[in-house]
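Please read the structure below before turning to the comments.
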Amino acid sequence: MQFIDLAAQQRRIRNQIEENIRAVLDHGKYIMGPEIAELEQRLGEYAGVKNVICCASGTDALLMGLMAYGVKPGDAVFTTPFTFIATAEVIRLLGATPVFADIDPNTCNIDPGALEAEIIGLETRHPNLTPRGIIPVDLFGLPADYGEINRMAKAHGLFVMEDAAQSFGAEYHGQKACGLGDCACTSFFPAKPLGCYGDGGAIFTDNGNLAQWLQSIRIHGQGKNKYDNIRIGLNGRMDTLQAAILLAKLSIFPEEVDLRQAVALRYTAALEGSGLIPPTVPPKLKSVWAQYSVLAEDGDHRNRLQARLKDAGIPTAIYYPKPLHLQEAFSGLKYEKGSFPVSEACAARIFSLPMHPYLDQTDQDRIIDVLISNP
Ligand SMILES: *Cc1c(COP(=O)(O)O)cnc(C)c1O
């Protein structure tokens, strides 16, 4: 059994993928070929956002977003410690300071109350830092609480950059993920809900000015032409081949989102009364189920369950075993154990079950049987 079965998906669309790759081989425009603009157009239509800038990875998307906002040393950017390293890494890479706020224990997303306390407390705790923005993460495919977050951002003059690396296809109050902040960054890493066959990412924004900056940053800060450079940028382009592959995958994506939804509903129904806590989806939100993560009673319980599943040939994973404030890479920020107790407790108890659109009912029943059978 696979944790994420990319081969099942490929079997469905192999012909279309080969056809799209062949078209690129024929026209030979490997860099910024016509597939890039076509993909940007279709991603924007899907997410309901005016401008899309495809780029080389989700990490580059986050980096380019912060560069477009001019984030620099002395700036503070608020985010969650319970996420993949890239979210906070890019803040540090620009010399700015990540300021973490703990998560809501039900959704594992940033807790608006904790966030507000960090924003208000910044002046006392870090008088030398200038508050600039917030990067909420839509963890496991579930949008964060944008109603509260956007209200707070407005009140304090901060930008909101949605880390939608896991949430392309999700929804918040009728609006698709990638359209929930001032701009949004997603990833097309192969294992994400919409993945290519290599690295890829995209930035979404309704702000035309920001989009222009991002287009320039993506290609070495170019101005009127290739050898006119008006700002510092990077080589952040997506390969034409990856866009060609994504175009084939995007055509079946809405159906795959529904299939993921069905898998998640079956898990959640089966876990009732099992002693495991299934993920919470607040009203009017739709997760895209990048991961189906459950909370065990404690670390020992998690170890026992993971071992039992492994013996039955069922793979599991832990996202994330160590919150970012405890990572050595961020030791300079002077956080310690106990700084964010909810994140730490989640990291000790959480694990993820196989989740992909092609997980059939027989396999899923087997996972559930092993999971809820007594030791
Ligand atoms: C995957 C991921 C990223 C980084 O995306 P890459 O395409 O791997 O660079 C950033 N943030 C989160 C939350 C992610 O899950």
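Details
- Cα-based Kirkwood hydrodynamic radius, region 206-334, one decimal, Å: 19.8
- Simple label model, 7 Å out from Cα along Cβ direction - K284 to I372, nm: 3.2
- Taking the fewest neighbouring Cβ atoms within 10 Å as the starting point, the ordered list for S57, S343, S352 is S352, S57, S343.
- Residues D163, D26, D145 arranged by fewest to most Cβ contacts within 10 Å: D26, D145, D163
- Full-stretch length increase - H156, N106 - with 0.36 nm per residue and alpha-carbon distance subtracted: 15.4 nm
- Cβ-based net charge around G200, under 13 Å, with every Lys or Arg adding one and every Asp or Glu removing one: -1
- Region 194-215 and region 249-285 have their alpha-carbon centroids 27 Å apart.
- Treating r as the C-beta distance of Q261 and K337 and R0 as 41 Å, the FRET efficiency rounds to 0.65.
- Other residues whose C-beta falls under 15 angstrom from the C-beta of I85 contribute a net charge of -2, scoring Lys and Arg +1 and Asp and Glu -1.
- Fewest neighbouring Cβ atoms within 10 Å first, the residues C196, C178 line up as C196, C178.
- Over the chain, dividing the summed -39,500 (n - 2.57) contributions of all DSSP H runs of at least 4 residues by the number of residues returns a 222 nm mean residue ellipticity of -13000 deg cm²/dmol.
- Approximate spin-label separation I219-Q41, in nm, with each point projected 7 Å along Cα-to-Cβ: 1.8
- Rounded to the nearest 0.05, the FRET efficiency derived from the C-beta distance between A191 and N303 at R0 = 22 Å is 0.40.
- Shown is the FRET efficiency for I120 and D360, computed with R0 = 51 Å from the Cβ-Cβ distance and rounded to the nearest 0.05: 0.55.
- Extension gain, N207 back to F3 (0.36 nm per residue minus Cα-Cα distance, nm): 69.7 nm
- Using the Cβ of Y292 as centre and a radius below 11 Å, the other residues enclosed give a net charge of +2, where K and R count +1 and D and E count -1.
- The Cα-based radius of gyration and maximum Cα-Cα distance (Dmax) for the chain are 20.8, 67 Å.
- As a ratio to 2.2 N^0.38 Å, the alpha-carbon radius of gyration computed for region 163-219 takes the value 1.18.
- Separation between Cα centres of region 106-165 and region 8-64, rounded to whole Å: 30
Since every read-out is calculated from the coordinates, none of them should be taken as a lab result. Note that this is a predicted model, so its numbers are computed, not measured. Quick reminder, even Gly has a Cβ in these numbers, built from the backbone with ideal geometry, and neighbours come from all protein chains shown.
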